[in-house]
Amino acid sequence: MEMISWREFEKVELRVGRIIQADRFPEARKPAYILHVDLGQELGVKKSTAQITDLYEPQDLIGKLVVALVNLPPKQIGPVTSECLVTGFSNQNGEIVLCVPDYSVPLGTKIS
């Protein structure tokens, strides 16, 4: 594990967002969804692609709070520009489990 300084960590912008739209991404090489994440008034709605199809259906994602990394440069993934990275963890089967807050917090809140 590579250690980073506190100063480097302070540059990381992990924010709470709410998924407001989730669509299948048929052009993706691996099964994925296109997520539209509302990150609050300051950041607005950003798109993200997510390979979370093993455990989640699009309709079940609507309204879910997630933790997203928002200060990465946009990344072109096929025809979609991903504007943030929705975070998750691999479980024992290699399926991605979303990183979500236990309780509601204002959209756009930075991790602390």
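Just so you know, all these numbers are worked out from the coordinates, no wet-lab data involved. The structure presented is a predicted model; accordingly, all values stated were derived computationally and were not measured. No Cβ is skipped: glycine too gets one built from the backbone with ideal geometry, and neighbour counts run over all protein chains shown.
Which ones in segment 90-106 are out of contact with any Leu (no Cβ under 6 Å at 6 or more places or on another chain), outside any strand (DSSP E or B) and either surrounded by 13 or more Cβ atoms within 10 Å (Cβ to Cβ) or hydrophobic (A, V, I, L, M, F, W, C) (or both)? Step through it out loud before you land on a result.
Our first condition is that a residue be out of contact with any Leu (no Cβ under 6 Å at 6 or more places or on another chain); within segment 90-106, this holds for 90-94, 96-99, 102-106.
Retained after the next criterion (residues that are outside any strand (DSSP E or B)): 91-94, 99, 102-106.
The answer is Cys99, Val105.
Only residues that are in a strand (DSSP E or B) and within 14 Å of the chain's Cα centre (by Cα): list them for segment 62-89, please.
Scanning segment 62-89 gives Leu65, Val66, Val67, Ala68, Leu69, Lys75, Thr81, Ser82, Leu85, Val86, Gly88, Phe89.
When segment 39-61 is examined, which residues are found to be surrounded by 14 or more Cβ atoms within 10 Å (Cβ to Cβ), assigned to a loop (DSSP other than H, G, I, E, B) and not β-branched (Val, Ile, Thr)? Give the steps one after another, and end with the answer.
Looking only at segment 39-61, we keep the residues that are surrounded by 14 or more Cβ atoms within 10 Å (Cβ to Cβ), and these are 39-40, 43, 45-53, 56, 58, 61.
Checking the rest, the ones that are also assigned to a loop (DSSP other than H, G, I, E, B) come to 39, 51-53, 56.
Leu39, Gln51, Tyr56, listed by residue number.
Among the residues of segment 1-26, write down those that are surrounded by 12 or more Cβ atoms within 10 Å (Cβ to Cβ) and assigned to a loop (DSSP other than H, G, I, E, B).
Val12, Glu13, Phe25 - these are the residues of segment 1-26 that are surrounded by 12 or more Cβ atoms within 10 Å (Cβ to Cβ) and assigned to a loop (DSSP other than H, G, I, E, B).
Could you run through segment 86-108 and say how many residues are of a type in the set (Phe, Trp, Tyr) and within 19 Å of Ile34 (Cα to Cα)?
1
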